[in-house]
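The values are calculated or read from the model by the stated rules, or taken from the named source; none is laboratory data. Model, not experiment: these values are computed from the prediction. Glycine also receives a Cβ, built like all others from the backbone with ideal geometry; neighbour counts cover every protein chain displayed. Each accessible area value is taken on the protein alone, full model and side chains, heavy atoms only, with ligands, DNA and RNA left out. Shrake-Rupley method; radii C 1.70, N 1.55, O 1.52, S 1.80 Å.
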Amino acid sequence: MPRFFYLLLLLLFPSLTFAQIDLVKVDKSENRMYLLWQGEIVRQYHIALGENPKGHKQQEGDERTPEGRYLLDYKKEDSSFYRAMHISYPNAEDLANARENQVSAGGLIMIHGQKNGMEKLAPITQQYNWTDGCIALTNDEMDEFMALVDVGTPIEIEW
């Protein structure tokens, strides 16, 4: 079947997972995340980031989301932020830079839903960059994301 047909079916029936997402792209400057399949945008989301989003994460506590290419390496169902998927930050280069600067690179950077107990505030919280460097979605969007994106999918994050 042509690619257009698969994309149309996915848009009409979001619970179908026959079109595996092969890349997640994040544009921090636009607060947008895109799910791609064979170069085509299948879904896009408005996201919230860390309170200091511009630039690559340099150290723990800088409230920045890392930039570069990473992997989504595991799902976390017992997160304090609804559900979550971990981004493979820090990589070897991040660790080397942190060592050189004698700081901790930080870690536990996730794509996650809303803080447990605060779900109803999503229409407000998603208008601001409020995380400590993670990427936040609404809980409904997080459910869709987890259904569409497999562990091992690459993620590219840029300003």
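Some observations on this one:
- Listed residues Pro123, Pro90, Pro66, most fluctuating in the chain (Gaussian network, C-alpha, under 10 Å): Pro123
- Percent of beta bridges antiparallel (DSSP, the chain, rounded to nearest 5): 75
- Lysine pair count for the chain [Cα-Cα under 20 Å; pairs on different chains or 8 or more apart]: 7
- Accessible-area composition of the chain, carbon plus sulfur, in percent [1.4 Å probe]: 52
- Charged neighbours of Asn97, selected by a Cβ distance under 14 Å, balance to -3 (K, R count +1; D, E count -1).
- Spacing of the two label points (7 Å from each Cα toward its C-beta) at Asp22 and Asp150, in nm: 1.2
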